[in-house]
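One structure is given below, encoded as C-alpha cells.
The values are calculated or read from the model by the stated rules, or taken from the named source; none is laboratory data. Keep in mind that this is a model prediction, so the values were computed, not measured. Cβ atoms come from the backbone with ideal geometry, glycine included; neighbour counts cover every protein chain shown. Accessible surface is based on the protein model in full, side chains and every heavy atom, while ligands, DNA and RNA are left aside. Shrake-Rupley method; radii C 1.70, N 1.55, O 1.52, S 1.80 Å.
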Amino acid sequence: MSDRIFGSTLTILALTFFVSATQLESPFFADPLGPKNFPFIVSGAALICSITMIIKPDKDPLWPNVKTLIKLFTALIVLILYAFSLKTFGFLLPTALASAALSYLIQPSIFKSSATGLILSLSLFTIFKFGLGLSLFPFPKFLLG
Amino acid sequence: MELFQNLALGFGIALTLTTLSLAIIGCILGTIIGALPGLGPSNGVAILIPLAFTLELDATQALVLMTSVYYGAMYGGRISSILLNIPGDEPAMMTTLDGYPMAKKGRAGDALVLSGVSSFVGAFLATIGLMLLAPILARVAFYFGPAEYFALYLLAFCTLGGIGAENQAKSAIAVCLGLGISMIGVDNSTGMTRFTGGNLHLYDGVDFLVAIVGLFAVTEIFVFIESRGKDSAIGVKLGKISIPIKDILATKWTMLRATTVGFIAGVLPGAGASLGSFLAYMSEKSLAKEKKTFGTGDIRGVAAPEAGNNAAAGGALVPMLTLGVPGSGTTAVLLALLMTLNITPGPLLFNERPEVVWGLIATLLIANFVLLILNVPLVKVFTKILQVPASFLLPGVAMVSFVGIYSLSGSYFDLLLMIGFGVLGFTLRKLKIPAVPVILGILLGGHMEVSLRRAMVLSNGDWTYLFNSYISVGLWIAAFIGFIAPIFLRSYLKKPTPIG
C-alpha cells in the first residue's frame, strides 16, 4: 500500500513536471533540443517507474507507531524552529534548546538532555567561532545592540 | 618514468606540514565517524564538507582532508561491526558475520587487529591500483565527446542501484527525482527559469550540498529517533590487544584475493564498497574447502570483507577522478566537493591540475600508514567512542549540519530545504528507495543535459548521433545490461543475514 501511495504521488508529480515543461517557451535562438525535451524524457521515465511501483508494489515497510510518529513530528518542528531562530536569537540559546529537545526525544531524561544542550551549545560555539572563525552571534542581535 | 615524476610532484605536496596535518586530522575524524554506528563515510563527508569551506583550504587541501575522512571511515566501520554486531556503515555489514562471533569467543582484540591489517592491505594496494589505472582511463576518456559522456552518465544511472538492488523501478525513480531537482533554476543555455514556481531562492537551483546533508545527516536523525538510539552500548569486552601474526599470515592470500575483487567492484560505476565487501566474502567462502566455519568466527570471514571494502573505496575513486562519474555514495559526495571547488573531474584534470590528482594519491599512500597505526596499536582509544550515547551524538550531528549549511549561504531557506530533504530521505529509506541515485541525479543531471544538448547541436538534431562511435554503443549496451542484470542475478546474490 505504501508503495502505491508513493507511486501515485510521484505519478502526479511527473505529470505536473511534464505539463509545466510544455509551458516553457523555447526562445528563437535555442539549440535543437531546447529547454523542454530533457524534462520530457525524465518525466516520461519517472511516469513509467511510478506506474510500475503502483502495479507491482513491494511488501509494506514497518512504519513507526503513533507514539514514535509524534516524536518524529516533534523533532521536525524543533528543526524548523531552529532554522528560523538561528538568525534572530543568536547561536547559544536556540542550539541549547534544540539539542536538548532532540536529546530528550532519543532518551527521555531531563537532566541528561539539559546537560547535552548546555555542553553542545557551548562547545560547538567555541569550535565554530574560535576554531573555524565562523561569524556566529552568541546572543540575540537586539541584546547585543 | 612519467609515473615517478608525477609521484614526486605528489609527495612534494603531500609532505608539506599543512597537507600532512590535514591528512592525519582527516584520518582520526574519519575513524571516529566510521566507528560510530549509523554514521558512515557518506554522512561523515557530507557533514564536514561545508565546514571544510570555512577553513578556506585550497582545492588539494580540501580534497586531501575529505578523502582522508573517507578512508578513515572505511577503516573505522569495522569497529562497531566486531564489538556490537552493528555495522558502522553499510560496507562493514559483512564484517559482522564473522567478526562478532570471533569477538564473542573472546578474540575481539585479534579480530580488530586482523581486520585493521586487512583494511590496510586492501586500501594500500587499491591506492596503487588507482595510481596505475587512473592515468590510463583518463587517456581513454580523451576520446569522449558529448554523445559518449551522455551514454556514460546513462550507464552510471542504470547501474547505480548496484547488482544488489532489490527493485530496479525504485532505483530508477530515485534517479528521476534527482534529475528533476537538477533542472530547477535558470537554464544555462537559454537563460530561462525552469520549475522554480516563481520562488527567487530557487533561481540558482538547489545547492547539492543542501540536498546531500539533508538526505544523509538529517535523515539519520529521524532514523535514530525512530530506533531511539538502541544501538549505543558496548557489546563485547575488548581485552588485551596483541598482534595475531599467525592469523595474519594464514589470511595473506585471502586478503590479496579480496583486494582484487573489491578493487574491480569499486571501479565499476555504481557498484561501490558494499558490493566489494560482499563479493570478497562470498568468493572467499566459495573457494574454502570447509564452508561451515564461515559465520562462526572464521578469520577469513573477517579478513576478506575488510580488504574487499577498503579496496573498493580506493577503486571507486578511479571513475570519479577520471570520468567524473562516482562509483559509490561517498565518492558522489566527494564529487560534489570538487564541483563546489570549481574543479571538473575528468581526463583534463590529470593534465591541467596534476597537483590535485597526484597530491591526493601521494597523501592517500601516506594516510594508509597513519590509519594502520590508528587502527592497530591505537584501536582501543577508538572503541571508547562507542560509549558516547546516541542522545548526545545525534543532536551534535544535527547542529553541525545546520551550522555547516548556514555558514555557506546564511539563508534560512536552505536550512528549510535541507530539512525537507531529510524528510524525503526518511520516506525513501522506509520504502527501500536508495538515496544515492537522487544525489547523483542532482549532481550529474546538469552535465547529462548539457552533453545531450551539445550532441544535438553537433548533429543538428539527429538522434542517431548518440550511437555514432564504438565507445558510445559499448556504453549503451553496458547500461542496458547493468539495468537488466540485477533482475536475473538477484536470487544468486542473496545476502546472508547476520546472526542475532
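Here are the numbers:
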quantity	calculated
In the range B:449-471, the residues that are more than 8 Å from chain A (Cβ to nearest Cβ) and within 26 Å of the chain's Cα centre (by Cα)	B:Val450, B:Ser451
Neighbours by Cβ (under 7 Å, 6+ apart or cross-chain): first from the range B:105-123, within 16 Å of B:Ala73 (Cβ to Cβ); second modelled with pLDDT under 90 and open to solvent by 10 Å² or more (accessible area, probe 1.4 Å)	B:Gly116/B:Leu372; B:Gly116/B:Val376; B:Phe120/B:Leu372
Within the range B:195-221, considering residues that are open to solvent by less than 10 Å² (accessible area, probe 1.4 Å) and facing chain A (nearest Cβ under 9 Å), the one farthest from B:Gly441 (Cα to Cα)	B:Ile221
Residues (open to solvent by 70 Å² or more (accessible area, probe 1.4 Å), more than 8 Å from chain B (Cβ to nearest Cβ) and in a helix (DSSP H, G or I)) located in the range A:105-118	A:Ile110, A:Phe111, A:Leu118
Cross-chain or 6+ apart pairs with Cβ under 8 Å, the range A:120-141 first and within 12 Å of chain B (Cβ to nearest Cβ) and closer than 14 Å to A:Gly90 by Cα, then surrounded by fewer than 17 Cβ atoms within 10 Å (Cβ to Cβ) and basic (Lys, Arg)	A:Leu136/A:Lys129
Identity of the residue in the range A:9-36, more than 8 Å from every other protein chain (Cβ to nearest Cβ) and in contact with a helix residue (DSSP H, G or I) (Cβ under 6 Å, 6 or more places away or on another chain), that ends up least open to solvent (accessible area, probe 1.4 Å)	A:Thr11
Scope the range B:275-324; condition over 20 Å from the mean Cα position of the chain (by Cα), farther than 26 Å from B:Gly106 by Cβ and buried (at least 20 other Cβ atoms within 10 Å of the Cβ); matching residues	B:Met282
From A:Ala21, A:Ala45, A:Ala96, A:Ala75, residue being in a helix (DSSP H, G or I), modelled with pLDDT under 90 and of a type in the set (A, V, I, L, M)	A:Ala21
B:Gly404 vs. criteria within 10 Å of chain A (Cβ to nearest Cβ) and not in a loop (DSSP other than H, G, I, E, B)	yes
Selection from the range B:84-95 of residues that are in a helix (DSSP H, G or I) and buried (at least 24 other Cβ atoms within 10 Å of the Cβ)	B:Pro91, B:Ala92, B:Met94, B:Thr95
Residue, farthest from A:Asp58 (Cα to Cα), within the range B:412-441, restricted to residues that are in a helix (DSSP H, G or I), charged (D, E, K, R) and in contact with a helix residue (DSSP H, G or I) (Cβ under 7 Å, 6 or more places away or on another chain)	B:Asp414
Residue within the range A:62-70 that is surrounded by 14 or more Cβ atoms within 10 Å (Cβ to Cβ) and either charged (D, E, K, R) or more than 20 Å from the chain's Cα centre (by Cα) (or both) present	no
B:Thr254 at pLDDT 85 or above, part of a helix (DSSP H, G or I), touching a helix residue (DSSP H, G or I) at 6+ places or on another chain (Cβ under 9 Å) and farther than 27 Å from B:Tyr153 by Cβ	yes
Number of the condition not met by B:Ile128 [criteria: (1) open to solvent by 30 Å² or more (accessible area, probe 1.4 Å); (2) modelled with pLDDT of 90 or more; (3) within 26 Å of B:His447 (Cα to Cα)]	(3)
Residues being of a type in the set (Asp, Glu) and facing chain B (nearest Cβ under 7 Å) - total across the range A:56-92	1
Residue that is at pLDDT below 85 and closer than 30 Å to B:Gly446 by Cα, where the choices are B:Gly315, B:Gly324	B:Gly324
Positions within the range B:37-57 being of a type in the set (A, V, I, L, M, F, W, C) and open to solvent by 10 Å² or more (accessible area, probe 1.4 Å), in sequence order	B:Leu39, B:Ile47, B:Leu48, B:Leu51, B:Phe53, B:Leu55, B:Leu57
The range B:384-401, residues that are open to solvent by 10 Å² or more (accessible area, probe 1.4 Å), more than 10 Å from every other protein chain (Cβ to nearest Cβ) and either hydrophobic (A, V, I, L, M, F, W, C) or touching a residue at least 60 places away in the same chain (Cβ under 8 Å) (or both)	B:Ile385, B:Gln387, B:Val388
